[in-house]
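First comes the structure, then the notes that go with it.
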Amino acid sequence: MVLVEASALTGKRIVLGVTGGIAAYKAAALLRRIVGVGAHVDVVMTAAATRFVTPLTFQTLSGNAVHTDLWDPASGSALAHIGLSRAADAILVAPASADFLARVAGGRADDLLSALVLARECPLLVAPAMNRRMWEHPATRRNVETLAQDGVPCLGPAAGEQACGESGAGRMLEPEAILACLEAFFTPKTLAGRRLLMTAGPTFEAIDPVRGITNLSSGRMGYAIAQAAAQAGAEVTLVSGPVALPAPPEVTWIPVVSALEMHAAVMERAAAAEIFIGVAAVADYRVENMAEKKLKKDMDGPPRIRLIPNPDILADVAACKNPPFCVGFAAECENLEAYAQKKRRKKNIPLIVGNLIQEGFGGERNRIVLFDDQGAHPLPEASKTHLARMLVAHIAQCLNKTRTGSEQSLNHTSTHNPEPPTHAEDHNRHQDSR
Ligand code: PMT
């Protein structure tokens with residue numbers, strides 16, 4: 001059995017439209033990811049798309065029949081397209097070719113996918129993919145503008161090398177990024193407009209120009225939180241030590257190396273933040289006598305490295321005049337509760353997230369416990385992506401509680417009371433009011 005963890009897409013019905021372009025091969029990977037988070041996907045392909053990838057590929061990956069023909073006698077009804085769109089929570093067209101954008105902008109319904117789009121009652125999202133000149137052409141610009149006016153979000157495109165050998169804007173976003181956009185579309189906007197500042201990853205304290213002191217933090221936990229918060233509508237600034245992860249979409253990304261650089265980048269922005277989350281594994285000490293040149297082995301004995309303490313970023317943010325809502329992290333080998341609570345009190349912060357070093361560092365999954373004035377609140381072991389969503393939901397509840405003074409319990413972290421609208425619900429309201 002495949003274990004699927006809750007995503008904003010879990011249980012949703014998505015129609016994935018695939019149009020003709022070389023990026024159609026990436027739609028197969030995208031389909032896998034959407035199915036992987038527990039959504040039901042019906043694939044509809046244009047005739048041109050079937051020339052790039054066979055319907056069998058999508059049928060195998062989705063586990064459902066693939067629809068290609070407006071006049072398919074097997075569907076049993078000439079109006080099958082209406083049924084498909086009525087059942088859907090959203091239609092995502094990826095890749096969306098220049099021709100398809102033109103046809104949708106013009107209200108055409110001359111094949112199954114365009115008919116389905118015109119007959120829909122659910123949101124439509126498009127991820128364009130085309131040659132850069134086609135993307136830049138005034139006709140395409142007009143079509144994209146028309147779709148924007150019709151409330152159709154355009155995901156990408158990205159810039160870079162194109163299959164035709166040219167370079168520029170027009171590449172389809174990577175499947176991971178499209179999935180993140182789709183999840184964001186369905187995520188309740190619990191942190192709408194909130195300014196969130198955070199740190200992630202390790203720091204690197206130089207010993208000489210090529211060596212340094214660092215740790216095994218991969219940045220995964222912090223980057224997952226940054227993404228979950230952005231999906232929940234926060235304006236996220238992520239100050240990150242050196243990691244091998246791409247910057248999450250829709251996040252202001254500030255790369256730094258040392259603890260001093262991280263401290264400076266955070267303190268510059270702390271006054272404007274409403275929430276601060278310190279996920280980084282910051283080096284407690286730095287090298288006072290960093291060598292200007294590479295240390296040589298043939299010195300008189302091993303090098304003498306003198307360490308001096310680094311500033312405590314989290315404690316300094318919490319000591320600001322009007323501090324943001326501060327959340328710390330504590331990675332411990334043992335005595336999690338005692339050590340984490342001690343750190344929380346010492347740094348004077350309302351919430352600290354405890355995890356064991358052997359579970360939290362480096363990997364994809366984690367087991368975390370939230371510690372506050374009320375005590376310990378363990379969350380189930382899960383992927384860092386899933387835990388990040390739960391933590392973001394909990395922080396939103398804490399902020400609302402502070403704002404309204406109403407009593408809400410930590411036990412509601414994952415079960416949720418009335419939630420703010422998602423983009424999808426906003427979109428539907430918008431459509432209804434027309
Ligand atoms: O990056 P991953 O591989 O996904 O791993 C995630 C993680 C294990 C690094 C993360 O979940 C975690 O636990 N981060 C905190 C690591 C830690 O133990 O930090 P600390 O005990 O040294 O510091 C406690 C808190 O103070 C942390 O919020 C830290 O960011 C902050 N701190 C510490 C020292 C310092 N000079 N400045 C700080 O802001």
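Values quoted throughout were computed directly from the atomic coordinates according to the rules given, and no laboratory measurement underlies them. This structure is a prediction, so every number in the text was calculated from the model and none was measured. Positions of Cβ are generated from backbone atoms using ideal geometry, with glycine treated the same way; all protein chains shown enter the neighbour counts.
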Helix 423-432 sits off the longest principal axis of the Cα atoms of the chain, rounded to the nearest 10 on a 0 to 90 degree scale, by 40 degrees
Among Ala270, Ile352, Ala259, the residue whose Cα sits farthest towards the positive end of the charge dipole of segment 195-398, when +1 is placed on the Cβ of each Lys and Arg and -1 on the Cβ of each Asp and Glu, is Ala259
Whole-Hz Karplus couplings 3J(HN,Hα) for segment 104-113, θ = phi - 60° and coefficients 6.51, -1.76, 1.60, Gly and Pro as x, run 5, 4, x, x, 6, 9, 9, 8, 4, 5
Taking Cα atoms only, helix 259-270 is inclined relative to the longest principal axis of the chain by an angle, in degrees rounded to 10, of 60 degrees
Thr237 neighbourhood, Cβ < 12 Å, K/R = +1, D/E = -1, net charge -1
Between the alpha carbon centres of segment 121-197 and segment 24-76 the gap in Å comes to 20 Å
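Tell me, Kirkwood radius of segment 13-186 from alpha-carbon pair distances, in Å?
After inverting the mean inverse Cα-Cα distance, the result is 15.9 Å.
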Length-normalised contact order of the chain, Cα under 8 Å, at least 6 apart, in percent, tallies to 12 percent
Label model pair Arg306, Arg13: point-to-point distance (7 angstrom along the Cα→beta-carbon line) in nm is 7.2 nm
With +1 at each Lys and Arg Cβ and -1 at each Asp and Glu Cβ, the charge dipole magnitude of the chain around its Cα centre, to the nearest 20 debye, comes out at 460 debye
If one builds a Gaussian network model of the chain from Cα atoms under 10 Å apart, the most fluctuating residue listed among Ile14, Ile82, Ile277 is Ile82
Sorting Ala228, Ala315, Leu31 by the position of each Cα along the dipole of the chain (Lys, Arg +1; Asp, Glu -1; all at Cβ), the one nearest the positive end of that ordering is Ala315
Between Leu216 and Asn131, the two model label points (7 Å from Cα along the beta-carbon direction) sit apart by a distance in nm of 5.1 nm
Scoring segment 13-186 by relative contact order with C-alpha pairs under 8 Å, at least six apart, yields a percentage of 23 percent
Among Lys293, Lys401, Lys189, the residue with the largest mean-square fluctuation in a Gaussian network model of the chain built from Cα contacts under 10 Å is Lys293
Phi-derived 3J(HN,Hα) across segment 122-130 with the Karplus relation (6.51, -1.76, 1.60, θ = phi - 60°), rounded Hz, x for Gly and Pro, is 9, x, 10, 10, 10, 10, x, 8, 6
Distance in Å, no decimals, from the C-alpha centre of segment 88-116 to the one of segment 335-407 is 44 Å
FRET efficiency for Met267 and Met299 from the Cβ-Cβ distance with R0 = 41 Å, rounded to 0.05, comes out at 0.65
Listing Glu381, Glu332 by rising number of other beta-carbon atoms within 10 angstrom, fewest first, gives Glu381, Glu332
Helix 220-231 sits off the longest principal axis of the Cα atoms of the chain, rounded to the nearest 10 on a 0 to 90 degree scale, by 50 degrees
Of Val117, Val15, Val210, the most mobile residue in a GNM of the chain (C-alpha springs, cutoff 10 Å) is Val210
Per-residue Cβ contact counts at 10 Å, fewest first, order Glu121, Glu261 as Glu121, Glu261
Expressed in nanometres to one decimal, the distance between label points 7 Å along Cα→Cβ at Leu245 and Asn289 is 3.7 nm
Once normalised by the length of segment 195-398, the mean sequence separation of its alpha carbon contacts under 8 Å that are 6 or more apart gives a contact order in percent of 21 percent
Helix-only [θ] at 222 nm, the chain, -39500 (n - 2.57) per DSSP H run of 4+, per residue, nearest 500, equals -10500 deg cm²/dmol
